[in-house]
Amino acid sequence: MSSDQNTQTMKPATAAKKLGVYLDATPAEFREGVVSRGELSALQADPPQWLRDLRANGPHPRPVVAEKLGVSIAGLARGGVTEPLTTEQITALKDEDPGWLRKERATQAEVRQENVRVKKLHAEQARKREQQAQD
């Protein structure tokens, strides 16, 4: 990837994060250069085969692994998953359904429910304030 003085560029690690792929699994030309915003947009709009393969098969970075398993990144760490996993490994982990994964999924579901409750509460409080301001 080339660098242009007038174009905003980013480090390969940042681009990999935005693309949702594990940097160490990307081609050397990607890791060793810089990525412009235009190049990133082009990769997102029309991903090359290496990017499609990485997204489909991995290895996946922790945020993607966490999302695919339905847990938080911290939950992965608590479960002892600290390395990138392939899609095959993620599927095997889902099939195995260890106790830590069930617990972390339940925790994540509780967090989501609490976030919804707080959002509704804030919306109701805002409505009340707005109503009081009109009165």
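The values are calculated or read from the model by the stated rules, or taken from the named source; none is laboratory data. Computed from a predicted model, the values in this text were never measured in an experiment. For neighbour counting, all protein chains shown are included, and Cβ atoms are generated from backbone atoms with ideal geometry for every residue, glycine included. Accessible surface areas use protein heavy atoms only, side chains included; no ligands, DNA or RNA. Shrake-Rupley method; radii C 1.70, N 1.55, O 1.52, S 1.80 Å.
Report the calculated FRET efficiency for residue 89 and residue 46 (r = Cβ-Cβ distance, R0 = 22 Å), to the nearest 0.05.
Efficiency computed from Cβ-Cβ geometry: 0.20.
Can you find, among 99, 42, 89, the residue sitting farthest towards the positive end of the charge dipole of the chain, where Lys and Arg contribute +1 and Asp and Glu -1 at Cβ?
Farthest towards the positive end: 99.
With the convex hull built on the Cα atoms of the range 1-112, state its orientation-averaged projected area in nm².
If I average the Cα hull's projected area over directions, I get 7.8 nm².
Keeping the other protein chains in place, figure out the carbon and sulfur percent of the accessible area of the chain, with a 1.4 Å probe.
The computed percentage sits at 48.
Over the range 47-135, with the other protein chains present, what is the accessible area per residue in square angstrom, probe 1.4 angstrom?
Here the residues of the range 47-135 average 69 Å² of exposed surface.
The range 81-135 to the range 1-72: how many Å between their Cα centroids?
Centre-to-centre (Cα) distance: 26 Å.
Reachable aspartates and glutamates from residue 68, Cα under 12 Å, same-chain residues fewer than 8 places away excluded?
Residue 68 reaches 88.
Mind checking which of 44, 125, 108 has the largest fluctuation in a GNM of the chain, springs on alpha carbons under 10 Å?
Most flexible of the set in this elastic network: 125.
Which whole-number percent gives the relative contact order of the chain, counting Cα pairs below 8 Å spaced six or more residues apart?
It comes to 19 percent, rounded to a whole number.
Take the Cα of residue 18, step 7 Å along the line toward its Cβ, and report every residue of the range 36-72 whose backbone nitrogen sits under 15 Å from that point.
36-47
By how many degrees, between 0 and 90 and to the nearest 10, does the Cα long axis of helix 87-96 differ from the longest principal axis of the chain?
The angle comes out near 40 degrees.
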